[in-house]
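Trainee: Quick one: this structure, given as structure tokens, is what I'll be asking you about.
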Amino acid sequence: MEVKDSNGNLLNDGDSVTLTKDLKVKGSSITLKRGTMVKNIKLTDNTDEVDCRVNKMAIVLRTEFLKKA
């Protein structure tokens, strides 16, 4: 299973990524800003999503909004 970011680069467990768009977090008033660095991602069974921790919150991000750092 190959997981790719918005630019087509392969992503692996433990990679660092950068957000390419401002994202609103569902169920919270927090907005993740473009350019935010997310470290130590974890791949899921779905090739379009990754698990990560941002600001001590565990969230799932879509790979279409990520760029490998």
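Bear in mind these aren't lab numbers, they're just calculated from the coordinates by the rules spelled out. Keep in mind that what you see is a predicted model, and the values were worked out from it rather than measured. Positions of Cβ are generated from backbone atoms using ideal geometry, with glycine treated the same way; all protein chains shown enter the neighbour counts.
Trainee: Give the residues of the range 48-66 that are of a type outside the set (Asp, Glu) and part of a helix (DSSP H, G or I), sorted by residue number.
Mentor: If the condition is that a residue be of a type outside the set (Asp, Glu) and part of a helix (DSSP H, G or I), then Thr63, Phe65 are the ones that fit.
Trainee: Let me ask something else. Quick one: in the range 28-47, which of the residues that are assigned to a strand (DSSP E or B) and within 12 Å of Lys67 (Cα to Cα) is nearest to the chain's Cα centre (by Cα)?
Mentor: Val38
Trainee: Applying the selection to the range 16-27, what residues are surrounded by 12 or more Cβ atoms within 10 Å (Cβ to Cβ), more than 9 Å from the chain's Cα centre (by Cα) and not in a strand (DSSP E or B)?
Mentor: Result: Thr20, Lys21, Asp22, Val25.
Trainee: Another question, then. Collect the residues in the range 45-59 that are surrounded by 13 or more Cβ atoms within 10 Å (Cβ to Cβ) and in contact (Cβ under 8 Å) with a residue 12 or more places away in the chain, keeping them in residue-number order.
Mentor: The answer is Thr47, Glu49, Val50, Cys52, Arg53, Val54, Ile59.
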